[in-house]
Every structure is written in structure tokens, then in C-alpha cells.
1. In the set B:Y116, B:Y51, which member is touching a strand residue (DSSP E or B) at 6+ places or on another chain (Cβ under 7 Å) and of a type in the set (S, T, Y)?
2. Among the candidates B:P202, B:P191, which residue alone is outside any helix (DSSP H, G or I), over 29 Å from C:V139 (Cβ atoms) and without any contact (Cβ under 8 Å) to a residue 12 or more places away in the chain?
3. Among the residues of region A:64-109, which ones are over 15 Å from D:N105 (Cα atoms), in a loop (DSSP other than H, G, I, E, B) and in contact with a strand residue (DSSP E or B) (Cβ under 7 Å, 6 or more places away or on another chain)?
4. Any chance you could count how many residues in region C:146-184 are farther than 14 Å from C:G100 by Cα, outside any helix (DSSP H, G or I) and free of Cβ contacts under 8 Å to residues at least 40 places away in the same chain?
5. Pick out, from region A:206-273, the helices (runs of 4 or more DSSP H) lying fully within it that include 3 or more residues that are within 14 Å of chain B (Cβ to nearest Cβ).
6. When you look at C:G287, is it part of a loop (DSSP other than H, G, I, E, B) and either surrounded by fewer than 20 Cβ atoms within 10 Å (Cβ to Cβ) or in contact with a His (Cβ under 6 Å, 6 or more places away or on another chain) (or both), yes or no?
7. What's the total number of residues in region C:7-30 that are among the aromatic types (F, W, Y) and at pLDDT 50 or above?
8. Would you mind finding the one in A:R93, A:R89, A:R71 that is in contact (Cβ under 8 Å) with a residue 40 or more places away in the chain and surrounded by fewer than 19 Cβ atoms within 10 Å (Cβ to Cβ)?
There are 4 protein chains.
Amino acid sequence: MAGSCYTRGLPYLEKEATMADKIQGIFCPHMVPLDAANAIDETELRRLVDYLVEHGITGLYPNGSTGEFTRLTESERRRVIEVVADQTRRAGRSVPVLAGAYEANIDMTVDTMNYYADLGCRAGAVIAPYYYPMSQDSVRTYFEELAERSRLDLVMYNIPQFTNEIAVDTVVSLCQHPRIVGIKDSSRDFPRYIVTMHKVRPLRPEFTFLIGCEEILVPSVIMGGDGGTIATSGVVPEVIMKMYNLAREGRIEEASKIQYQVLDLIAVMLTGADFPEGFRAGMTVRGFNMGRGRQHQSAASQLNIESITRTIQCMVAEHGLVSPPAGGCDLANVDEQTVQQIVSRVIAQLDR
Amino acid sequence: MAGSCYTRGLPYLEKEATMADKIQGIFCPHMVPLDAANAIDETELRRLVDYLVEHGITGLYPNGSTGEFTRLTESERRRVIEVVADQTRRAGRSVPVLAGAYEANIDMTVDTMNYYADLGCRAGAVIAPYYYPMSQDSVRTYFEELAERSRLDLVMYNIPQFTNEIAVDTVVSLCQHPRIVGIKDSSRDFPRYIVTMHKVRPLRPEFTFLIGCEEILVPSVIMGGDGGTIATSGVVPEVIMKMYNLAREGRIEEASKIQYQVLDLIAVMLTGADFPEGFRAGMTVRGFNMGRGRQHQSAASQLNIESITRTIQCMVAEHGLVSPPAGGCDLANVDEQTVQQIVSRVIAQLDR
Amino acid sequence: MAGSCYTRGLPYLEKEATMADKIQGIFCPHMVPLDAANAIDETELRRLVDYLVEHGITGLYPNGSTGEFTRLTESERRRVIEVVADQTRRAGRSVPVLAGAYEANIDMTVDTMNYYADLGCRAGAVIAPYYYPMSQDSVRTYFEELAERSRLDLVMYNIPQFTNEIAVDTVVSLCQHPRIVGIKDSSRDFPRYIVTMHKVRPLRPEFTFLIGCEEILVPSVIMGGDGGTIATSGVVPEVIMKMYNLAREGRIEEASKIQYQVLDLIAVMLTGADFPEGFRAGMTVRGFNMGRGRQHQSAASQLNIESITRTIQCMVAEHGLVSPPAGGCDLANVDEQTVQQIVSRVIAQLDR
Amino acid sequence: MAGSCYTRGLPYLEKEATMADKIQGIFCPHMVPLDAANAIDETELRRLVDYLVEHGITGLYPNGSTGEFTRLTESERRRVIEVVADQTRRAGRSVPVLAGAYEANIDMTVDTMNYYADLGCRAGAVIAPYYYPMSQDSVRTYFEELAERSRLDLVMYNIPQFTNEIAVDTVVSLCQHPRIVGIKDSSRDFPRYIVTMHKVRPLRPEFTFLIGCEEILVPSVIMGGDGGTIATSGVVPEVIMKMYNLAREGRIEEASKIQYQVLDLIAVMLTGADFPEGFRAGMTVRGFNMGRGRQHQSAASQLNIESITRTIQCMVAEHGLVSPPAGGCDLANVDEQTVQQIVSRVIAQLDR
């Protein structure tokens, strides 16, 4: 039905989407571990995939914003997908991969989408073009052309903080294209999310809505959303999956309780350091060797990351998933040494 | 308990807030009907109050943004509250009034708050200062001083689109003041709303959270919010109260269904014309003589308002609350005359 | 010519603007001194007017943003203009008054404009409506109606940081109205200023362009602007008038040198405290009793204002206009007590 | 002197900048012609370089925003610089190249900078990291590390519309690094430009300030700026160089007159289509085969580009640099066919 209502007369061929194919659940936009040479640490990446799958994650979402796709080279981005796609299929597992796909121009993006199709990915997530401001007419044209030339299903990724917006009307005009199967929205604008679902659902019921705003996963599912891409699910997959499943089952009170419980953890990882350093710290807490990020941090930032890592460990420990850090989590008594350090810093500043 | 945890040693006297006193439900931020001389039409205002009370609205919220407080004089603002407070008490009714209270400076605002206290209002809603940008430290100081000098409970009103923001940390630092009993948030930022509840509730359980974003009333109530100030409740009070009550009772599916049903009506009233002209049109549809607004409209705007009034009437008619407009609501066949008008306009533009 | 090219057929009667009438020069958007009871201190206000006139200011601009018009009552705003208009005419002086005129609705604004006309003001400066977002069509309608009903020339005041913007095209469509004689632009957007002059000048050569951005007065005059409304001219009128006159005479190098010299003073007054507290501090340095502002300041803000007052005094002293503060202006040696205070504050924060 | 005041004790060796080395003048941020296969058309690119050099441009600025660096691959970006560097040196010419240099991470950017150093470029222009929001501390760290590891002088490029801002204080803290020799500012914020010059000049007189905002080149030079990166200089190099030289010589009136004359041309190229399509149209008018951009345009956009190309040709023809388009530049009589087209479009829209 969805395919047939797209009436522009283009040669839409084989595909007839059904509700059974619908993308739904929690997809983890995971980070990429780096080794001592600052290259991709494939062993650790495979271990990370196993850990997520074993803890019940619905799907993987490599090369997202959290996965720092802009800081990898083109060939590294392809390698990440090769490794993840391969590892998710190990031992007969069937875990869908939603692969971040954005390259320098539309031809390269089409090539990438088709390469990911051959690797067996479920879909590619594509942001609107960034850096250059663009009219909605051009945004629409971009996705339309991309969808028509790709052999892989496409999930639009709306993140207007970083890129051109994909406006509600643009989503509505694109939602009936058989290759465009959903939208991931990270805009924080929940009214917009509700309104978009309201406008799209009558046109194409199996169109997927994934929320990228971690603080409101539960209400988004309650209002009919299909899940989310939740970076926190890399750090506490057990907790996020439980919360999501409770919400799906209509056990609202229990789901909401967990949603509130994870707010502090989300806050410290999201805003405690330059994004996505907080999530790198979180993965370290879960025992992964993530290496050093490619965007170098100032001395102050590095100090800060040490501090929030401790905080994250305390929070994850509360869920019983790791041990508390050495020295414990009682924040009341800050030691004399810390006070001295800060005092020195103040006096140094006065000297300047 | 809440009162006692405010430890700044000030002479907080009589008041010991309890959960029973808590402000909750739907407060209608209604408009003020104007007569032929562009003065307040008190007869129509009283009729409007009766209509809202009889249709089950929880409370009235005069002098809000929808009530165009900036376009009334100081004495007119006082008169609006006098009339509304008097009319809500008629015939033994007990309908709480949350009165918008913002004057040119803090002394005048204190006087106004105290005047509204004498009129029997439940609380005053106060925005952060506007026009001049201000630090959060100053915003906090402003509310603190206002609360200490007023004899009326205070609900903070966060609307950063129009005024200085009241940041989450500022809310947290003010929430334990016995006179500050709640916040109304119209920021559209639902993650912020969730996070603020999470931080405030452990400090003061009876602190009220009212949402001002009409598209997400249902999810806000599901997540533990206390209601909202919903301008659409002036136009379809029957529908909004039903939706709210279903959400409170945990009948999520039914509540959500209505939430989705009213989205189009909200959209046309909120964005179909310069705010709040769409709501004035809506009240006209319900049979009120609202008069002409004080912010004059261009010829094009007036034409547009006629058009959206028809649309609103069609939407309200779908709920069975009014008759459809003469000529019906089938938008399919636009008449020949309209086409001619538009063609003329195009040619005129080319001539220029 | 300008009047004649306004072809809408309205009964534009007496007025035929000429280049001789053109508003130009430096208008001081001065503050209003308050007495111990927080009322207008008329004696000090008259003394302030005399001081500005005697130091060669071109004109006065009472009830501007710096004059805190939103924090005065309607009758206070009228009183300020009465006093200023009277005092500028004392002893046969002829100093034009550009009176800030914004009231709650268009009828009251018209009344106010006409009242200021009777008081002999040269023109009224009117901002676009604020608080409510508004289409450009409505902004245009607002000014058009206001201009048609007022007996006083109107200068539009563009300050999009605080109010609705007056877009370039709106200025162009309004610039030929005989009552609308100029624009004051405080948007900081210099390319916009240049482009607007380019579009308006061929339509109406005597239309006035005043810049409200103090850092770029000199380049704006060099590029053909007519002067500015410069709050710093309240604190150092001698310096600003000299700079302006040099720029008018084409003595670019000397003018630019002064422009650079005053940048630090502008910065500390504009951003050193919540606007316009820095300018209040500046007037205090020049010996005026300004009283306490109506927007109450936190303890931290008050401490800060004391500190920037000292800095301002040092800067004004460098121009030889006042004595340096007791203790001198050598900032190198911060005393032990200050260090102790800051250390205590840090420890207090850790305790929290 | 500049080198010596950088006191962090690092082994800054060979380099001792002097005023003679200072980068100044007009650098053209030119586009890259593409051939029928959408690959770089090197022949046309060399012809474009010759044309700019022969028309007196000070320097070339390949791989800027106008040069669409995000839409080229890493190897294509290198190839562009190879070709431009080679062609600027042909026949003994000495035209400095300021090469846009931004790669996926800091290691790759360092490699690129060093590669461009070997090619003989004068400096590399580097934007602050984009896509991810970043603290100023991190922005500073990024440039500092980059400067310390590169063998090529670095010009910071501030364009907060597209990337993280480089705040004034960050510029001040970086300006004494011997490798960081200037800033190009495209923020449109002229007060900021003035303030930054005021703060940096006493610390390092030979630090270069290039403006990227085309509407205010003349006032920026008058106030002491060193030139600009002006995309319009690709389309009318004769006009921009004349304007710049007049401004440098203090012939303010003549320079300003040209500045005003080019405003309409700038406007249509900058905002008449999605950036940088207007400049591609402009280069076509000057006789270059630019090919089709890699960001595909909708049918409506393509129609629009045809229309603005005609407008640009008329504007450039007014300067006597090209012939007017066939059919002439009299826009008064729009033909009947166009009216019919628009009428059809209106009716089609009504049908929907």
C-alpha cells in the first residue's frame, strides 16, 4: 500500500514495505574504540558489539554522531560497518544494523549506501547536508535523489543543532517514497515529533519514528513512537532495554520510574564534557579500552573527564552493573588536596 | 515540610503548604472581549467566564500572553482580574484564579500581587523580566524579592521565546521558597520539563508543574505533570477537559487519541495568524463577540483571519460543538472567483 | 520631492520635508535619576540635561532603552519628556528632543506622540512591538497606521535583540511616508545598515540613519550615516562629540583613533553588568546622583557594580574628565583581602 | 618582537615574523570548475587562475567555503592546491596562495598543512571544528596544537554561522603564537572585528585581519583592516581591486561609491540561490565552464539559477566587463508566456 500511494510514476520496482519489516526498538549509536596508534581497534570493536548484542540491544547504529563519523576517513567509515555487520551476524545472530551514511557528495553517498546494502545492513541513516545553509526545497531534492539511486532503505536523521533542518513538511513530502522508511529525530522538539507522527501515519503507517533525545524515550514510545537511538544504551544496555520493553508493554509507571532514574547519568555524559567525550568515559567504565579521541582535549578538559568518569562509575554502580570506584562515591568530603589545587588556580588567575 | 526546609531565617509566617493545596488541572489563559470602543466588554467577559466554568474548566488564567496583558493598561489589567475573580465566585462556585501579574517594576508588581490576593486569587503567574537581557543571578534575585514581599502565592512562568529564561538551576534554587508554589513552562522543551521535575520533586513534592505547550499536554501528565495552561481550552473546553481527565485516570490510549485529534486545531490557532489572533477567531466561532484586537492587522492579515476562522469552525464542528459554516467544509472545490482573485494578484505583482 | 513620491493618495497636507530639516548628530539616550523614594529626581534630571547641552551634545533622547522606559509608568514617561523638553529650551537654547514613545497599544502611542508634539519634541522614536512575535506585514501596518495618525515625525528604532525586527524591505516600503523621517539601528549588523542606506537614499535623500551600536559610530559616519544615539555620550560627551565632528569633517585618522580609545569604556559599561547598570555607574562617576535602579540587583551584582564603577572612573580619568579613584588605578597588586575572599567563596562552594 | 613575546618556552626556532611578511590585500575564494564527468576540470581551473592573476588579484584562496571543500574528496582538495600553486607560479609570477585546510582530524590536518607548505603556499586557512559544538577551551587547544605541529603559517577562519565560533578572547590568547599569523572573519559582526583589532594590535602588530563580509570591505580597510577574502572578486576582479586600492590610498569617497555600487551584485550572488550557486552563475557570466555543482538542485532551483544568471550578467555588463544578455536588461515588460506559466502554477497548486 505504501509503495502504491507514491504516485510520481517512477520505476519503483521490487519493494513493497509491510508492517512486518518495520524498523523498531533501541539502536545503539556506539563509539569506535581506538588503539595506541589512534587507529580503529577492531578487536575491541568486535568485543563491544558482542557485549551490546548479549545485553539485548535491538540493533546497532555505527557511524552516528556519537560514533564521530566526521573524525574518521572515508575508508575508516566503511571499515567500521564491515566489522560491525560481520560481528552482528556471528553465530547465526540476526541483529539489524542501521549504518550512518554521509559522504562528501551525493554520488559518494549513493556508493556508500549501496556498499552497505551489500554488507547486509538493514538501512542507512542520512543527515541533511551540513556546513552550508540550504533551502527546504534543496533538502527535499537531496533525499529524493539519494533514495531513488540507492539500493538500501534510508532513515532520515534530523539534527538541526548541527545540520540543516528537515522540516515537518519536507518529511511529509518524502514519507511515501518506498526507499525512505523512517526518521530519527534528535531535535529535542517533542511537539514537532508528535505533529510529524500525526501527519505521516495516515499516509504511511509503517514509517518508523525513532527518537534521539534520551530524556524522553518513554513518553515518545507511549505516544506511539517506535523506539530510539540512545547513546546511553551503550553504557547501560540492560537498563535502557528494560525501560523500553516496559514502555512497549504499557507498564507506564515502571517505565517512567526508570526514565527518571537515568536522567542524571544522561546529563553527565551528554553535557559534562565536549560531546561525545562523556560517552567515551561511560564505555571506559564498562571496561572497554576506548583509546584517546581524535579531537584533542585541553589539560582542563582532560582533568574534567577524569572527574566525570568517576561520577559515571558511581551512577552505573547504583544500577549494580559495575563496582563503585576506589575511594567510594560519597561526595561529601572533598579532600584537602583538591581544595589546595583550586586555591592555587585562583591565585594563579589573579596573577595574570 | 516544604516550608521548614527553606532555611534562610526569614520570617515565614503563616504558610505551611500541603499537597492538598496543590495547584493542578487545566487553567484557561483566556482572551479579553473588547467592545465597539475598543474597551473591555465586561458583560461578554462575564459570559465567557460562565461558559468556561459551566464546561468544567479547572481554573481561569486571565492576563496571560493569550490575554494580551501588554496591550492593556495597568488599570485595565486590574479590572480584568476584578471581573474574573468576582464572576468565578458567583452562585457559590469555587474556581481558582491564576492571575497574570507583571508590572513595570518590582514595587508595582508587589502591589499588584497583593491586590490580587485581596481579590481572592489562588496565585499570581509572573514571567521573568523581558526586553532587557538579564543574568540568571538577577532573575533569581527578582523572583526571590518578589516572593518575599508578596501576600499571594507565585507561579513562575517560563517563556524564553519572549522573555529572559528561567534556567533549570534557577528553578531548583527557588523551589523551596514557601511563596513560590509552581512553574508554568511554555518553552516547548519537554526534556527540560522532565529534568526540572526530576530535580524539584525530591526537594518539594507539592511544587506544581503546568505545561503551556498544548501539543504535549497528555505526555506531560503521564510523566507526572500537574496539568497545563492551555489556550485551546477556551475554544473547546469540553474536549480538553475530557482529554486531561482521561490522562489523569491512566486511560492513556483514549487520552492520546484526543491529543492527536486536536493537533490540527492547535496548529491553525497558534500559527495560522499573528499570535493570538487565531484564538480570538476561535472564540468568535464559539459565539463570543471578541471585538477587534488592539494590534492592528494589515488587510492581508484580516483576509487571512477570515479564512482561518472558517477552518476553525469546521474543526470545532467535527467535535459536534458548533455547526459547520455556511457553504460547508468541503475544501476540494475552490470556486472560480478565488482563482481569478489570485491570478489578478499575480499579474499585479508582475506589474510592480 | 520625498513627499511627492509617496503616491498612496492620502491627504498629506502641510509637510514637505527638506534636507534642512534632517535629523543628524549625536543624541544622548540618557538615564533618569531616581531619588531616595525611587521616584524621578527632577532636579538632578534638569542638571543632567544642562550638563549634556553645555558639553555640546546635538540632542537628547529620553525614554530610550538606556532610559529604562519599561520600568517607568505611563505618567512617569510623560513627565520625563515634559522636564527634558522644558529644560532643553531654557535660556533660548534650541536642542532637539527625540522622545522614546512606546505605549501599550496603538491608540495610546498615538496620544503620546501627539502629546510630545505639543511639548515641542523634534520626533518620536518608536520600536517595533515586542513580546509577541509578529510578521513583517504586521510590523509595516503598525508603523504605517501610527505615522498616519500622529502629528509628530517618527523615527523607527530597530533593536531585534529585544523586539520584532524591522526588516530591510519593511524600511524601504515605509521610508517614503512623510511622517517617517528616519531609522535608528541598534542591531550591530553593519552590512544591513549599509544595504538599507543604499536602498533608501535614492527614494528619499533626507531620510535619517542613526546608528545605535557604539563601537562603529565612526565607520558609519564615514559611509554616509547621519550620526547616532550613543549612550556613552552621557558619560563622556566631550569625547564622543569630538570624535563625531572629526568624522564629519573627514579627518578619518583622528576620528578612528578616538573610536579605538573608547572601545574599552564602551565594553565595560555595556557588558560589565546587566544592561543598563554600567551606564548608571558611568553617570555616577560624572558626579550625578542616579539613585538605585528599579530592577533589583543581587548582592553579587552590586559588588560587581562597585568594581566596574572604579574601572569606569579610571577610564574616564584617562581622558582628563574626572580624577582617578582614591587608591589609584594600578590594577597590578590585588590585595591580600581580595584573595582571601575568593578563597573563602571557593571553599563555600565545595561545601555545598 | 612578536615571536619573542610568546613566552611558553617552546622551541620556536627559525621564524621571526616582520611587517614585511604580513598577509594583506584581496584573496579570491574561487570555485572549482567541474567537467562533464563531475570531476575537477584542471584546464579550466588553470584558465581561471590566469584570469584572476591577470586582473590584478592579490592572492588566491582555494578550498574555501565558496570553493566547496566539503564536497570534494581529500585527494581532490590536495589536487586543487597542487594545480593552483603551480599555476600561480607560472612565468615567474609571485601570487600568494592562502589554502583552505580542514581535514577529518588533527593529524590529517597537520599532514595537509605540511603538504601545502611543500607546495609553496603562503599560509593555510583553518576553520574551527564544525558539526560538534565545542567549548572555547577546546577550540583554543585545537588551534594551538595544530600551529605547533605545522610547518605552514596558519590563518584562523571565523565563520560561526557554519562552525564553532572562535571567540574574541580565544583570538587574543592565540595571536602571539608565531605560526598563527592572522584571522579571516566572516561573521558579519563588524563591532567584533573592530574590538578584536583593538585587542590584538598592541600584542602583535603584524597579525593580519581579513574580512570575509563583502558588503563592508571598504569600512574595514578604513578602520585599519588588511584586506579581505571576497568571493565577488572572482566575478568582477577589476572592480574589487580598484575599490580596495582606493580605500588603501585614503580616497574614501571614491572607494565608498564603488562599495555601494557592488551591493546589489553581492546580494544576488550571495542570497539569490543556495550558497554558493550564485557565484557559480557569476563565473559562468565571465565565460567559464563551471559545470554542474555536486549538491543537486531541484527543478525550481535550477529555474531560479537561470534567472539570477541573467540578472548577474546585466549587473556585470553595467561595469562594462561583459555584454548584456540577448534580449537586453529591461525588466519592465515581462512577456505573456511568463504570466501564463505562473497562472498555471497557481491553478496547479489549488488543485492539490
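1. B:Y116
2. B:P202
3. If the condition is that a residue be over 15 Å from D:N105 (Cα atoms), in a loop (DSSP other than H, G, I, E, B) and in contact with a strand residue (DSSP E or B) (Cβ under 7 Å, 6 or more places away or on another chain), then A:G64, A:V95, A:P96, A:A101, A:Y102 are the ones that fit.
4. Selection size over region C:146-184: 10.
5. Filter on region A:206-273 gives A:217-222, A:237-248, A:252-261, A:263-271.
6. Here the answer is yes, as C:G287 does meet what is asked.
7. Residues of region C:7-30 among the aromatic types (F, W, Y): C:12, C:27.
With at pLDDT 50 or above added as a condition, the list becomes C:27.
Here the count works out to 1.
8. A:R93
The values are calculated or read from the model by the stated rules, or taken from the named source; none is laboratory data. Only a predicted model underlies this, so the values are computations on that prediction, with no experimental measurement involved. Methodologically, a virtual Cβ is constructed for each residue, glycine included, from the backbone with ideal geometry; neighbour enumeration extends over all protein chains shown. Note: areas computed on protein heavy atoms with side chains; ligands, DNA, RNA excluded. Shrake-Rupley method; radii C 1.70, N 1.55, O 1.52, S 1.80 Å.
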